[in-house]
Structure formats: C-alpha cells, structure tokens
Amino acid sequence: MAVSAKDQLAQMARYHVWATDRLLTSIAPIPNEFYHKPCGLFFRSIHGTLNHLLLTDSEIWYPRFTQGRTATLPLDAEMESNRTALASRLIAATARWPEYIASLDEEALADDLRYTMTTGQMRTLPMSGALLHVFNHATHHRGQITAALSMLGFAYQPLDLPFLIFSEHA
C-alpha cells in the first residue's frame, strides 16, 4: 500500500515528539556536571546541543513555515539556561509539528518553501524536503547526545523509529 507524503511527514512529526521526549527522560537524572560538560559535540555539551535544538525548532524552522520569517540569532545562542525550563520548552516546540503537518494539504506539500537563511541568503527548498530536514536535523543532534551519554557512561532509551512504530501498533 502506497503511503502519501503527508502520512510520512505526519509519522516523522510524531517521531520528532516521541524521540525528544524519550531523550529528555533519559537525560533528566544526569547530574549537572555531566549535563554541562564539554563532550566534543558541535554545540559542546548536552545542554548546548539541546539549546540548539530549541533554537532551530522554535526560532528558525517553525517560523519559516508558519510566518515566513527567520530569526537572526547565532546557531549556538542560549535560548534557556535552566535545564528544566529548556526541556519543557523543547517539548512544547516539538509538539507543534504534528498539528502543522495536519494543516497542510497535498498541494501545499508539493509547493516550495522560500526563506532567508540566518546568513541572509535567500533559499528555496521543496516544502516536503524542508520538513524532512527539520526532523532529520533533530535526529542527527539527538544521536550526538546519545553518543555523549554513552561516552559518559549513562544509559538512554532507544530512539530508533521502529520503536515508535511498534508502540503505535501494539
């Protein structure tokens, strides 16, 4: 059975919420010294990488789709210093995507997204490809965080997409 682009994007939006929640649950008991420790990640620490995810989700990509604007903040801007508030804001930011995807029709998904990069350059991407990037980008950084957790000796919940699919069809 063929699956529509919208159905695939809806699944990825659900995965984005699910995987972020699972990761944050795994991170919650980690002491601050490890949470803030530079681990060789592009955004230095678990905290820095979570801040980057919040920035890109709430200030860069979501406004590009919904308001036609892009924030001009640096990609390593600290959106939230308090880790509990950061986790809450990140959950809220990811939770908006399933509803946004549901609001789109196939015609909108076949259109292009024209936007300004944080560098000021104008870009155009196919809408569905831009949405896939949002979810893939977050998966990339969640993977970096799980690698850091492993390196630091902490356990984490599996984040592979099939685990979401299994839970939805249980």
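Just so you know, all these numbers are worked out from the coordinates, no wet-lab data involved. Owing to the predicted nature of the structure, the values given are computational and were not obtained by experimental measurement. For neighbour counting, all protein chains shown are included, and Cβ atoms are generated from backbone atoms with ideal geometry for every residue, glycine included.
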For the chain, what does the helix formula give at 222 nm: sum of -39500 (n - 2.57) over DSSP H segments with n ≥ 4, over the residue count, nearest 500 deg cm²/dmol?
-19000 deg cm²/dmol
Please report how far the C-alpha centroid of the stretch 101-170 lies from that of the stretch 43-58, rounded to the nearest whole angstrom.
14
With θ taken as phi - 60° and the coefficients 6.51, -1.76 and 1.60, list the Karplus ³J(HN,Hα) couplings across the stretch 77-94 in order, rounded to whole Hz; mark glycine and proline as x.
4, 7, 7, 7, 7, 7, 5, 5, 5, 4, 4, 4, 5, 5, 4, 5, 5, 6
Rank A93, A85, A19 by mean-square fluctuation in a GNM of the chain with C-alpha springs under 10 angstrom and give only the top-ranked residue.
A85
Contact order normalised by residue count of the chain, Cα under 8 Å, 6+ apart, percent
31
Let me test this: with uniform point scatterers at the alpha carbons of the stretch 5-168, what is the Debye-based log₁₀ I(q)/I(0) at q = 0.12, 0.17 1/Å?
-0.53, -1.04
Arranged by the count of other C-beta atoms within 10 angstrom, fewest first, what order do I27, I165 take?
I165, I27
Once phi for every residue in the stretch 18-33 is put through the Karplus expression 6.51 cos²θ - 1.76 cosθ + 1.60 (θ = phi - 60°), the whole-Hz ³J(HN,Hα) values, with Gly and Pro written as x, are 4, 5, 5, 4, 4, 5, 5, 5, 5, 7, 3, x, 6, x, 3, 4
With springs only between Cα atoms under 10 Å, which of S58, S103, S128 fluctuates most in a Gaussian network model of the chain?
S103
Which cross-chain or sequence-distant (5 or more) residues have an amide H under 5 Å from the amide H of L113, H modelled 1.01 Å from N in plane?
L125, M127
Across the stretch 48-53, in residue order, what do the Karplus-derived ³J(HN,Hα) couplings come to in whole Hz, using 6.51 cos²θ - 1.76 cosθ + 1.60 with θ = phi - 60° and x for Gly and Pro?
x, 6, 5, 4, 4, 4
Most mobile of E33, E106, E78 in a GNM of the chain (Cα contacts under 10 Å):
E33
